[in-house]
């Protein structure tokens, strides 16, 4: 475990819930590790498993995807369920391919849960730090 | 032809520049591929900031803009408009948040600066793939739906109706007025609540622009901002509104000679008959028959003296639910609050010990139209000599509600005054802090202090019964640093405010976001307090968070103004983030149709492809994620844009 | 001027591609008459020198099938590139890695271990493993270097066109040959077959309901499929939606769901990820536990969704020149 290792983490958040929570965390001046960079989509239903692999391939050591709480918070009915189903299948595939599935984290964070967001980001950054940098042929691809 | 990108980095005073080295970031951005000009400015959202973009578009032939500042939620619109003024399609702009997502959340300056570089690089990579997006406009229906007819709903309804908009005011109780109709006097002026409320209620009834549906629920809302299709379910009151003349003889003639059933309006300290109105000045003055307690409904065999004595034969036991469909352009949610159920905090003995009341029960007791005719009485009918008021019940408490309910301190002071005034009892207020921060509030507090009300700073540990039906309060007196006891005749629990029990169901129907406690969420706590996160829906009153009547009325008028602004604008922009299907790539596999929650995509059998109705598309992008042929593209969230952004946050 | 010279070759191959080429049946005569087959190891004797002695670009086209799994394959592939005007990756293995592509391991040690020592059907009490060089008594034997994973052809040499399929169906092969003979050369990187996915030409697509929602995924041997109704709608994993068409729906017509051998369409970066995307999305459940349980029942997602394309997936794919 390299103490100087600063993981690179991509966070894909849905606009309506988790992005709002992140904005609220900002307005409330909650500080968290800068390792996490946020990319937003309107809904986690938009998240294509290709994005996750692309993130790992381009240098991410961890990926978090977070959206609205099931069963009924999703702004578009059930986009969060669609994402969850993809996540379950993708998670197992990652494991089979030799990537620790703990590197892909799935969360539900609503617009008012800025404190949960901070907690999740802090926790996940520590977890990935402990896991170390991702060492897998996926990193040697380039494109 | 290569893109020509302009990058604008906002200082936002010291909000960004105090943490992020904006000049270093500007220098970095200027070397990124396709970036033609990179600038910093103190406040990008200001006039000169926007002018800078407009000028640069012309001078440098820019065709893409990246603005690194606050958030898209706050100012996305501002910079899109600026681009438009400069002659660019507004969607060729990408906003990067280096404030909420960077400077405000990162401790270390170097780390914040590096993060800003990554985020802006991602924005630049992404914006290369932006395509001009055209939107259309839809006309806006000028009607407004208001859900909840308490003081907030009533106020908003009158403002809109007087402006010529037609309002559908839906209230699920049988009568309007909400919680305020239960109150006796209001602080700090000690105005009689009914006196100020009933003229407004009357105005609602008489205004030709207001259609009032009481004893009704909003069942379903279809459509989109400016064009909502609302289904209202009118529950049967079993008294015909069109025939009833409000004489209330049915209530007098009911086979139950005396009221026997707990009255919800009286918060449990009064009784009503199966046929009832909440109070004699209720609006609409049309009684409701409760099928759970009415003999006719329970046994099928009643002599129906109510009907027999009704001069217009308005009673109709066969009434059924009725569905009404209305079309509106805007919706205001003013669904109000309920009080904390004090039995949850067992130390107060509420519901077990005699003479432990809540403040809202005390309002009913003080109200001259209430169950005791305005007389303050113990349960055995005698007049209390010593009364305790305990503040912060259920509020400021991690075990129940962490927040402060804002109005209770003033209610406690008010009750102290009125009890002293009416029966001269000895009153003690057990408080944690006295929050008297409104206009005239501190002066009122002073007045009550001078009237001889006792104030004890400390928490109550428990209330136990003592001799002669009295109550002993065991409490910590922090100013004396001692645990003490006090015996009283009556305890009034100053209960906090909460969202209604069914807030989750209601918010689902209205498509609103709530906080974890259930308060309706505003779009921005400072800048958009009455707008919800869903287009076309506004929020007002205590449903958003506890507040007093002046603030409620102010918010209701604000929500009405927002609704009016939307409706008078006359048009709304269509959803920009809709999808398109490339028919040359579409294989007709129907996976998109299978995942679309809005049935916006249909199968064209002849061409063997899928086709989208962009009027129904809400822009979630699930079909884009799923399309196995790569034929679907979501405006502003295409695969290319997202792949580029993800790469950009990670590496060069 | 003689007939255009062509060559065929097989790397880590099952021989099915060779069979598919003769599967064009009577059309084979026309092909043989139109070209001069210079290299064809399955049918004609072949030595490396046969290839080495050709001029650069002397072969108009070569059809190379099989995955690249050792240095010998690479050597021959590079030679073919030198000696051919157009290199065509023929079949799923050279296009995407194919079935051999599933042989990815953490590293070479674990690969050797699995294949020679710990494999389920291996009996190797003396723990004999291959070594690249063996010297004894002045005798030196060398075998090619085994690569730590299989590569698709375009990871070792520059490839002009692809003929997909496992194996490519006769019509796709013929289309490739005729296109080249016609002189109307497509743009570099062109993949033969249809521009749309299998559903577009599948005879069962019209029986598919507009909303395909599946309660549970079954494996083909767990159900008796109605041959007249869309298999995906019946709950088996059919990869038709994400797979390039052009195969005349042979598997479908044979009562089996599509397993994806023609690979992805243009614009899809990762075949398996896209397959996961739509298969997971059409699961009809809004209960998180039920979703987990139901999807757990898919025993081998990596193998199911990346059956032919793992080396070409985002997990592994390298740029040309970027290899080991």
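Since every read-out is calculated from the coordinates, none of them should be taken as a lab result. Here the structure is a predicted model, which is why all the values come from computation and not from measurement. Neighbour counts run over all protein chains shown; Cβ positions are idealised from the backbone, glycine included.
How far, in nm, would the chain grow between residue B:483 and residue B:316 when pulled straight, counting 0.36 nm per residue and subtracting the alpha carbon separation?
Details: separation 167, 0.36 × 167 = 60.12 nm, distance 6.08 nm.
Value of the extension gain: 54.0 nm.
Give me the Kirkwood hydrodynamic radius of region C:106-147, using the inverse of the mean 1/r over all pairs of distinct Cα atoms, in Å to one decimal. All intermediate terms of the calculation are to be shown ahead of the outcome.
Details: mean 1/r = 0.0851 Å⁻¹.
Every distinct Cα pair counted, the radius reaches 11.7 Å.
Give the shape of region C:4-110 as rounded, prolate or oblate, defined through the alpha-carbon gyration tensor: a ≥ b ≥ c are the square roots of its eigenvalues, a/c under 1.5 means rounded, and otherwise the shape is prolate if a/b is larger than b/c and oblate if not. Please list the in-between numbers first.
Details: a/c = 2.34, a/b = 1.42, b/c = 1.64.
Note, shape of region C:4-110 comes out oblate.
Could you work out how far apart the two model spin labels at residue C:129 and residue B:55 are, taking each label as a point 7 Å from the Cα in the direction of the beta carbon, and quote it in nm?
7.1 nm
Over region B:495-601, how many percent of alpha carbon pairs lie in each 5 Å bin up to the one with the longest distance?
Here the calculated profile for region B:495-601 is 2, 10, 15, 17, 15, 11, 9, 7, 6, 4, 2, 1, 0.
Can you give the FRET efficiency for residue C:29 and residue C:250, using 1/(1 + (r/R0)^6), R0 = 25 Å, r = Cβ-Cβ distance, to the nearest 0.05? Walk me through the numbers before you get to the answer.
Values: r = 23 Å, r/R0 = 0.93.
Computed FRET efficiency for residue C:29 and residue C:250 comes out at 0.60.
Counting only other chains, and only Cβ atoms inside 10 Å, what mean value do you get across the residues of C:205-214?
5
In nm, to one decimal, how far is the modelled label at residue B:258 from the one at residue B:341, with both set 7 Å along Cα→Cβ?
The answer from the label model is 2.9 nm.
Rounded, prolate or oblate: which one fits region A:5-129, using the alpha carbon gyration tensor with axes a ≥ b ≥ c (rounded when a/c is under 1.5, else prolate when a/b beats b/c, else oblate)?
On the way: a/c = 1.96, a/b = 1.11, b/c = 1.77.
In terms of gyration-tensor shape, oblate.
For the protein assembly as shown, what is the calculated [θ] at 222 nm in deg cm²/dmol (nearest 500), taking -39500 (n - 2.57) for each run of four or more DSSP H residues and dividing by its residue count? Walk me through the intermediate numbers first.
Values: 32 runs with 320 residues, N = 1119.
Only helices count here, giving -8500 deg cm²/dmol.
Starting from the exponent 0.38 and prefactor 2.2 Å, build the expected Rg for region B:338-498 from its residue count and divide its actual Cα Rg by it.
On the way: Rg = 14.7 Å, N = 161, 2.2 N^0.38 = 15.2 Å.
Taking the Cα Rg and dividing by 2.2 N^0.38 Å, one obtains 0.97.
What order do you get for C:217, B:357, C:262, B:475 when you list them from fewest to most C-beta neighbours inside 10 Å? Intermediate results must be reported in sequence, preceding the final value.
Values: C:217 19, B:357 27, C:262 31, B:475 23.
Placing the least packed residue first, the sequence is C:217, B:475, B:357, C:262.
Pairs of alpha-carbon atoms within less than 8 angstrom and 6+ residues apart define the contacts here; what relative contact order does region B:579-635 have, in percent? Write down the numbers at each step before the final one.
Values: 97 pairs, mean separation 27.0, N = 57.
Once divided by the residue count of region B:579-635, the mean separation gives 47 percent.
Could you check which residue among C:159, C:115, C:177 shows the biggest mean-square fluctuation in a GNM of chain C with a 10 Å Cα cutoff?
Judging by the Gaussian network model, the answer is C:115.
Which residue, C:37, C:268, C:157, tops the fluctuation ranking in a GNM of chain C built on C-alpha contacts under 10 Å?
C:268
If every alpha-carbon in chain B counts as one equal scatterer, what log10 I(q)/I(0) does Debye give at q = 0.08, 0.10 1/Å?
For chain B, the Cα-only Debye profile gives -0.78, -1.04.
Ignore the peptide's own chain and count Cβ atoms of other chains within 10 Å of each Cβ in B:533-542; give me the average, rounded. Each step should come with its number before you reach the end.
Numbers: counts 6, 2, 0, 0, 0, 0, 0, 0, 0, 0.
Neighbouring Cβ atoms belonging to other protein chains average 1 per residue here.
With only alpha-carbon atoms in the gyration tensor, what are the semi-axes of the equivalent ellipsoid for region C:56-136, in Å, largest first?
On the way: eigenvalues 210, 56, 15 Å².
The answer is 32, 17, 9 Å, longest axis first.
Fewest to most neighbouring Cβ within 10 Å: what's the order for B:31, C:73?
Details: B:31 8, C:73 25.
Starting with the residue having the fewest Cβ neighbours, the order is B:31, C:73.
What is the helix-to-structure angle for B:639-650, meaning the angle in degrees between its Cα long axis and the longest Cα principal axis of chain B, kept from 0 to 90 and rounded to the nearest 10?
Its long axis makes an angle of about 90 degrees.
Place the peptides B:440-448, B:72-80 in order of packing, highest mean first, counting for every residue the other Cβ atoms within 10 Å and averaging per peptide. Walk me through the numbers before you get to the answer.
Numbers: B:440-448: 15.9, B:72-80: 19.1.
Top to bottom by mean Cβ count within 10 Å: B:72-80, B:440-448.
Step by step: find N for the protein assembly as shown, compute 2.2 N^0.38 Å, then divide the Cα radius of gyration by it. What's the final number?
Details: Rg = 37.1 Å, N = 1119, 2.2 N^0.38 = 31.7 Å.
Compactness ratio reported: 1.17.
Could you work out which residue, out of C:272, C:91, C:189, moves most in a Gaussian network model of chain C, that is, has the largest mean-square fluctuation with Cα springs under 10 Å?
C:189
How do C:69, A:27 line up, fewest other C-beta atoms within 10 Å first? Numbers along the way, then the final one.
Numbers: C:69 23, A:27 19.
So the residues, fewest neighbours to most, are A:27, C:69.
What angle, in degrees between 0 and 90 and rounded to the nearest 10, separates the Cα long axis of helix C:271-281 from the longest principal axis of the Cα atoms of chain C?
So the helix axis and the longest Cα principal axis differ by about 10 degrees.
Using 0.36 nm per residue, how much length does the chain from residue C:45 to residue C:137 gain when fully extended, once their Cα-Cα distance is taken away? Could you put the intermediate results ahead of the total?
Values: separation 92, 0.36 × 92 = 33.12 nm, distance 3.23 nm.
Contour length minus Cα-Cα distance gives 29.9 nm.
Provide the packing ranking of B:410-416, C:232-238, B:169-175, i.e. peptides ordered by the mean count of other C-beta atoms within 10 Å per residue, highest first.
Going from most to least packed, we get B:410-416, B:169-175, C:232-238.
In degrees from 0 to 90, rounded to the nearest 10, what is the angle of the helix B:72-85 Cα long axis to the longest principal axis of chain B?
Rounded to the nearest ten degrees, it is 50.
Out of the DSSP beta bridges found with both residues in chain C, what percent are antiparallel (nearest 5)? Don't jump to the answer; show the numbers that get you there.
Values: 8 of 28 bridges.
Antiparallel bridges make up about 30 percent of those DSSP assigns within chain C.
Using a 10 Å cut-off on Cβ to Cβ distances, tally the other chain neighbours for every residue of A:26-38 and report the average as a whole number.
Working: counts 11, 10, 4, 4, 2, 5, 3, 4, 14, 2, 4, 11, 7.
Per residue, the number of nearby Cβ atoms from other chains is 6 on average.
Of all DSSP beta bridges located in chain A, what percent are antiparallel, nearest 5? Mind showing how you got there, number by number?
Details: 0 of 16 bridges.
Percentage antiparallel, nearest 5: 0.
In 5 Å bins starting at zero, report the fraction of Cα pairs in region B:579-635 per bin as a rounded %.
P(r) for region B:579-635, in whole percents per bin: 4, 23, 38, 25, 9, 1.
Evaluate E = 1/(1 + (r/R0)^6) for residue C:175 and residue C:105, where r is the Cβ-Cβ distance and R0 equals 41 Å; express this FRET efficiency to the nearest 0.05.
Values: r = 36 Å, r/R0 = 0.89.
For residue C:175 and residue C:105, the calculated efficiency is 0.65.
What is the spin-label model distance, in nm, from residue B:285 to residue B:584 if the labels are put 7 Å beyond Cα along the C-beta direction?
Rounded to a tenth, the inter-label distance reads 7.4 nm.
With a ≥ b ≥ c taken as the square roots of the eigenvalues of the C-alpha gyration tensor of chain C, please select rounded if a/c is under 1.5 and otherwise prolate if a/b is larger than b/c or oblate if it is not?
Oblate, since a/c reaches 1.5 and b/c is not below a/b.
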